Each structure stands twice: as structure tokens, then as C-alpha cells.
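The values are calculated or read from the model by the stated rules, or taken from the named source; none is laboratory data. Keep in mind it's a predicted model, so treat the numbers as computed, not measured. Cβ placement follows ideal geometry from the backbone for every residue including glycine, while neighbour counts extend to all protein chains displayed. Each accessible area value is taken on the protein alone, full model and side chains, heavy atoms only, with ligands, DNA and RNA left out. Shrake-Rupley method; radii C 1.70, N 1.55, O 1.52, S 1.80 Å.
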Amino acid sequence: MRTVRICQLKAPLAIDAELPLDDDGYGHLIRVLRFTKDDEFVVFDGLGNEYEAILTAAGKSATYKCTKKIERNIESPLFIELGQVISRGDKMEFTIQKAVELGISKITPLYSSRCGVKLDDKRKDKKVEQWQKIAIAACEQSGRNVVPVVENITNIDSWYSQSPESLNLTLDPKASIKLTELEIKKNIRLLIGPEGGLDDQEIQKSKDNSFIGVTLGPRILRTETAALAALSILGCKYGDL
């Protein structure tokens, strides 16, 4: 039987401390899995702390107690921020889920000139909250105990210059440098454009902010394929895949 893992984001986890399950944890353990008092599971706080735990109450509300600290680190040695121009439909959710499984450290959803998604302020907040929950669920499934932050939606023009000390990369099918030919730093920012690609001004502005254009090969990839292919290459050649 597989170990059930749930995230209680930023909960004050400690041995023998009795804590309430949040709404998502309650829904998963009690409503879906039908856990009852004294059932065991693993809980983590999204910050790297992880414990074996036991349900101490399972009624209209539920509480749990941590019984043993789990010491392990499966985080990638690379710190990669994915700047992903928002894609339509469920493509963005798919990209976030798989990027988390591949070890991404941070995700910033971006607007660009060819972005096909426009959201008002209320819908922006709901989308970011939804994407963060997808990242949490991907951590629960993949065994990670550090949850990558999904940042607020940002305009691409203001994102370029936010971390000049990182190795800044953008996928460009016209580039002459392959991703595997670079000397990689531990801190990387990876820019992935929308379905229609970045426009000429955005590509030039990325170059002006020290972004290096790299190619994954001779074929044109979809935005969600490009992100995951690039993360897989970085993780395999320079990380821990």
C-alpha cells in the first residue's frame, strides 16, 4: 500500500503537537480516502519539514499528531525559476504539474504581447491560487517536501531584469547555441514564450537583459512541450535526473 502524503502548508509541525487538518487535507483524507482515527500518513509543511503522523480525531473536523521526523532531501541542486507565458486551456496546469515533478524551484506566470489569455484582477488571484494548489498536489504525488512558489502574474517587460545574477535563458528556435552546450550556473531563469512565440521586440529586450537564446534542436515545440523538454535536459545534464 502506498504511503499517503499531504501538505499542510506552513503548518507549525512538531513532535506530539496536535494540529487541525486544513480544508484540503480534510477533504482528501476524510472525505475521499475515508481515513478514521489512528490511521497513519505523512505530512509536510512545504518548507522541507516532513513527519510521520497519525489522525487523533476524524469527525466534522479532524486533528493529527506528528510522531516521527523524516530526514531527507530530494530537491534538485539547480534552482530554476520558470517564467512561463500563460497558455490556454489546461496547458498551463499541465506545465506547472510536470515542472514541479521535474524539480522546478519557482514558477512565474507571464503576460506577453501574444499571450492568448487575459484575466481581470479577481480571476488573476483565483488562477494563481489554483496553480499553487496544483503545485502542492504535484509535491504530494512526487515525494517532494518543498513546494515551489507560484508567483503573481507578471508582465514580461518587468520580469526580465528581476534577477540579473542568474543564468538567464530563453528558448529561441533561431538560436545557434544548444542548451547542452552552456556552462551552467546553479541559479537559472528559463523563459518560455506563448503558443505564437515571443515577438521581435520581446526577444531583443531579453537579449538586452542578458538572456541567452538557446535551441532544443531543429523542431518547433509547443509551449508546454518546450518547457518540460528544457527542464528535463537541464535536470539530466546538470542536475539530479
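For region 137-241, list log₁₀ I(q)/I(0) at each q in 0.11, 0.14, 0.18, 0.23 Å⁻¹, using the Debye formula over Cα point scatterers of equal strength and ignoring solvent, two decimals each.
Normalising to I(0) and taking log10 leaves -0.37, -0.60, -1.00, -1.49.
Take the chain, drop everything but the C-alpha atoms, weight them equally and run the Debye formula without solvent; then report log10 I(q)/I(0) at 0.07 Å⁻¹ to two decimals.
Evaluating at q = 0.07 Å⁻¹ gives log10 I(q)/I(0) of -0.27.
Cross-link candidates for residue 60: which lysines have Cα within less than 25 Å, leaving aside residues fewer than 8 places away along the same chain?
By straight Cα distance, residue 60 reaches 10, 37, 133.
Rounded to the nearest percent, how much of the accessible area of region 113-238 (1.4 Å probe, protein heavy atoms only) is carbon and sulfur?
48
Round to the nearest 10 and give me the degree value, 0 to 90, for the angle of helix 91-101's Cα axis relative to the longest principal axis of the chain.
Rounded to the nearest ten degrees, it is 70.
Using a Gaussian network model of the chain with C-alpha springs under 10 Å, which one of 35, 211, 79 is most mobile by mean-square fluctuation?
The residue that fluctuates most here is 35.
Straight-line reach from residue 178: which lysines have a Cα under 30 Å away, not including same-chain ones fewer than 8 places off?
91, 98, 106, 186, 205, 207, 237
Accessible area per residue for region 1-151 in Å², computed with a 1.4 Å probe and the full protein assembly in place, what is it?
Each residue of region 1-151 exposes 51 Å² on average to a 1.4 Å probe.
Mind checking which aspartates and glutamates have their Cα closer than 15 Å to the Cα of residue 68? Skip sequence neighbours fewer than 8 apart in that chain.
16, 18, 38, 39, 40, 45, 50, 52
Mind listing which trypsin sites (Lys or Arg not before Pro) in region 162-215 are in a DSSP loop and have 15 or fewer other Cβ atoms within 10 Å?
Sites meeting the loop and neighbour criteria: 174, 185, 186.
By how many degrees, 0 to 90 and rounded to 10, does the Cα axis of helix 121-142 deviate from the longest principal axis of the chain?
Tilt relative to the chain: about 70 degrees.
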